[in-house]
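Accompanying notes for the structure given below.
The values are calculated or read from the model by the stated rules, or taken from the named source; none is laboratory data. Remember, predicted model here, so these are calculated numbers, not experimental data. All Cβ positions, even for glycine, are placed from backbone atoms using ideal geometry, and neighbour counts span all protein chains on display.
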Amino acid sequence: MAQFAILVLLLEFYDGQGSSSKTRDFIRVGELQNSIAAKLEEGVAKYSEDEQSQQGMAFAAMKQIYDSLRSDEKGRRQKTTKEGFVHNILRFLEDQGLIDYIEHDEMIKTTRKLDNFMDWNLLNKNNFYRVQRILGVKQDEQN
C-alpha cells in the first residue's frame, strides 16, 4: 500500500514530456490523499479480481485497507488514520532527500534529487525502452 501511495505521488508530479517531465511544483497533502483514493477506485472499477491477481496489483485489497483507515478532521497523525499513513510515507521520502514536506502548510515539493532521478533515470526514453525489453514487451506492443 505504501509503494502504491508513492507511485501515485510520482504520477501527480511527473507525467509531462519535453525538457522536464515535471508537471507541477507542489501538491497539498489532502489532494494526495484524494488522488490515492481515486486511483484505487479506478483500479477496482477497471480490473476484475482475476486480472488484479494476474497483474499483481490487488486494487480491491488495497482499497479496503485504505478505506479502513479513519480520517481525522483535527489533523492528528496517528498510524490508524489516513493522515498518519500518508505522513509516515512523506517523512520517509523526506529523510531520503526526495521531497520537501512542509508540515504547517501541508505542502509537498520535490527536490532536485528526485527531479533529476525521474528525468534522467526513470523517464529517459532509452531507459524506458530498456525496461520494456527486460519485461519482454515487443516493439509492436509499445504503440
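See the values below:
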read-out: In the stretch 81-116, residue nearest to the chain's Cα centre (by Cα) [restricted to those that are in a loop (DSSP other than H, G, I, E, B) and at pLDDT 95 or above]; value: L98
read-out: Residue list for the stretch 27-47, restricted to those being surrounded by 15 or more Cβ atoms within 10 Å (Cβ to Cβ) and not in a helix (DSSP H, G or I); value: I27, Y47
read-out: Selection status of Q78, under 14 Å from A5 (Cβ atoms) and either within 15 Å of the chain's Cα centre (by Cα) or surrounded by 12 or more Cβ atoms within 10 Å (Cβ to Cβ) (or both); value: no
read-out: Test for I108: is it aliphatic (A, V, I, L, M) and out of contact with any strand residue (DSSP E or B) (no Cβ under 9 Å at 6 or more places or on another chain); value: no
read-out: Cβ pairs under 8 Å, 6+ apart, first in the stretch 35-55 and touching a residue at least 40 places away in the same chain (Cβ under 8 Å), second surrounded by 12 or more Cβ atoms within 10 Å (Cβ to Cβ) and in a helix (DSSP H, G or I); value: I36/F4; I36/A5; I36/V8; I36/Y66; I36/V86
